[in-house]
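None of the figures in this text is laboratory data; all of them are computed from the coordinates on show. The structure displayed is predicted, hence computed values, not measured ones. Please note: Cβ atoms are built from the backbone with ideal geometry, for glycine as well, and neighbour counts cover all protein chains shown.
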Amino acid sequence: MSKALDGVRILDFTHVQSGPTCTQLLAWFGADVIKVERAGAGDITREQLRDIPDVDSLYFTMLNHNKRSVTIDTKNPEGKQVLEALIQKCDVLVENFAPGALDRMGFTWERIQELNPRMIVASVKGFGPGPYEDCKVYENVAQCAGGAASTTGFDDGPPVVTGAQIGDSGTGLHLALGIVTALYQRTQTGRGQKVLAAMQDGVLNLCRVKLRDQQRLERTGTMKEYPQYPNGSFGEAVPRAGNASGGGQPGWILKCKGWETDPNAYIYFITQAPVWAKICKVIGKEEWATDPNYATPAARLPHLKDIFAEIERWTMTKTKFEAMQILNKYDIPCGPILSMKEIAEEPSLRKTGTIVEVDHPTRGKYLTVGNPIKLSDSPTEVTRSPLLGEHTDEVMTELGYSPEQISALRTAGAI
Ligand code: COA
């Protein structure tokens, strides 16, 4: 069966997480992704957080499926020539080096255009043009600079970063969209272009609702859905809202049966207005459905803490799954707090290919997150990540190098 990006060749100059997330997605959609790595060492994540000695780490294997690996010393003059041949053969160059690294290697935008005017050059950087453009950036720096940390956590505690890799994987997703969009435009113009996804911008895009709230706060001095509302303690900037739900339907995380020993025995519970009467019935407070202090969303706002305490008295008598089953019968929106262990063992996620078991020649079997985006006409088959330089000879041959030339380049340390 054909794939959406069949025929698209990607020169994958990415490392660590943000860039590899992007090129892995493109590979899952059918692109031929050729990962160029430093000879002898490779992507630094191959050896980071290792759980088995001398075996590519899960960090690496889980971000580099369906790719080919070639090793080239791009600072060696002959290595540079190999890279030039690759630039001429590929449609997209994706990189997430520190600012200026590609230029220092001699591959400026102008040089790349000379070699291949159809080439799309896609970059992840920490920041866009401005005071921080030269900075090196990792995940949590982007979360802090993009507005996520200042708006995450509890009011009486410090800013908090989230486990979701919104700076790295989030920006990789943004970049992938930029690349396929540029590929589409190229079908009209015949020209390549530069695509930039800055991590600060990507995080801010995901924090869009908090910039909305900043302006609401400045206009009205308050925000009724925030836990700070009943005591009116707002400052100048959007505060941390704990577990309050972002929209107009108040929600909170509540304890379930077993919470004393299980750190994830909790449920997210939303007091959606249309099902208020049903909530009252389930928790045994039927009088609240008609009591003027509780009957309307506006009347409930000042009492949310007490309301959630009452609901929690009920949820604590059920496991999160029992509560889920009961609440769903009444269309009351809720969600169990699932641990990574529970997610890894969830059969329905295996069935859809969202969690996949992959076999690796030196690691053996391991679990990974498959393609979260499902196309009906372009199915994804997750194949293992490449060993370092596994495809150097294969790709060199495709580029037209003879076995003798390949051997000479290897002796010269260029590949
Ligand atoms: N052959 C020879 N040299 C190579 C090479 C190859 N195949 N591949 C890379 N290099 C060199 C580069 O030319 C560069 O050298 P230079 O500093 O002399 O110009 C160096 O290796 C790459 O370095 P850099 O990107 O600076 O790596 P780092 O480990 O110091 O920094 C980051 C890592 C992630 C902080 C940095 O790359 C960065 O800020 N990237 C952009 C933001 C980003 O993606 N961050 C998220 C990462 S998940």
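The spacing between segment 100-155 and segment 280-299, judged by their C-alpha centroids, is 51 Å. Rg then Dmax, both in Å and based on the Cα atoms of segment 181-231: 19.2, 60. Rg and Dmax, both from the Cα atoms of segment 262-305 and both in Å, are 11.9, 38. Beta bridges assigned by DSSP with both partners in the chain are antiparallel in approximately 40 percent of cases.
Taking 0.36 nm per residue of sequence separation and removing the Cα-Cα distance, the V369/Q325 pair yields an extension gain of 13.2 nm.
Rule-of-thumb check for segment 369-415: C-alpha Rg over 2.2 N^0.38 Å?
Details: Rg = 16.6 Å, N = 47, 2.2 N^0.38 = 9.5 Å.
Taking the Cα Rg and dividing by 2.2 N^0.38 Å, one obtains 1.75.
Distances between every pair of Cα atoms in segment 291-338, grouped in 5 Å steps from 0 to the bin holding the largest one, split as 5, 19, 21, 23, 18, 11, 2, 0 percent.
Work out the length of the dipole vector of the chain about its Cα centre, built from +1 on the beta-carbon of each Lys and Arg and -1 on the beta-carbon of each Asp and Glu, and round it to the nearest 20 debye. Let's see the in-between values first.
Details: 45 positive and 50 negative charges, 171 e Å.
Charge dipole of the chain: 820 debye, to the nearest 20.
Here segment 7-76 yields Rg over Rh of 0.97, to two decimals, using C-alpha coordinates and the Kirkwood radius. With the convex hull of its Cα atoms as the shape, segment 205-254 has an orientation-averaged projected area of 3.7 nm². Structural size metrics of segment 251-332, computed from C-alpha coordinates, are Rg and Dmax of 12.4, 39 Å. Our note on the geometry: Cα centres of segment 218-255 and segment 312-360, 27 Å apart.
For A408 and L177, what is the calculated FRET efficiency with R₀ set at 25 Å and r taken between the beta-carbons, to the nearest 0.05?
Working: r = 41 Å, r/R0 = 1.66.
Rounded to the nearest 0.05, the efficiency is 0.05.
Between Q185 and A289, the contour length at 0.36 nm per residue exceeds the Cα-Cα span by 31.9 nm. The orientation-averaged projected area of the convex hull spanned by the Cα atoms of segment 228-293 comes to 6.4 nm². The ranking of T14, T261, T162 by Cβ neighbour count inside 10 Å, starting from the fewest, reads T261, T162, T14.
Could you tell me the calculated FRET efficiency between R50 and F234, based on Cβ-Cβ distance and R0 = 35 angstrom, to the nearest 0.05? Could you put the intermediate results ahead of the total?
Details: r = 47 Å, r/R0 = 1.34.
Efficiency, from the Cβ-Cβ distance: 0.15.
Full extension of the chain segment joining R313 with L399 gains 24.2 nm, where the gain is 0.36 nm per residue of separation less the Cα-Cα distance. Here the spin labels are modelled as points 7 Å beyond Cα on the Cα-Cβ line, and at T220 and N264 they lie 3.6 nm apart. Taking the longest Cα principal axis of the chain as reference, the axis of helix 169-189 is set at about 60 degrees. Here segment 302-392 was treated as a single set of alpha-carbon atoms; its pair distances binned every 10 Å from 0 give 13, 28, 25, 18, 11, 5, 1 percent.
Only Cα pairs under 8 Å and at least 6 apart count here; give the relative contact order of the chain as a rounded whole percent. Could the numbers behind the result be given before it?
Values: 722 pairs, mean separation 76.8, N = 415.
Answer for the chain is 19 percent.
So which of K35/K125; K257/K329; K224/K351; K3/K329; K281/K320 end up more than 30 Å apart by C-alpha?
Values: K35/K125 19 Å; K257/K329 20 Å; K224/K351 41 Å; K3/K329 40 Å; K281/K320 19 Å.
The answer is K224/K351; K3/K329.
Axis angle, to the nearest 10 degrees, between helix 18-28 and the longest C-alpha principal axis of the chain: 80 degrees.
For the chain, the fraction of alpha-carbon pairs lying more than 40 Å apart is 31 percent, rounded to a whole number. Residues of segment 27-52 with the amide nitrogen closer than 18 Å to a label point 7 Å from the Cα of A101, along Cα-to-Cβ, please. Only 34-49 fall inside the zone, counting backbone N under 18 Å.
Please give the helix 320-329 orientation as an angle from the longest Cα principal axis of the chain, in degrees from 0 to 90, rounded to the nearest 10. Long axis of 320-329 versus the principal axis of the chain: about 70 degrees.
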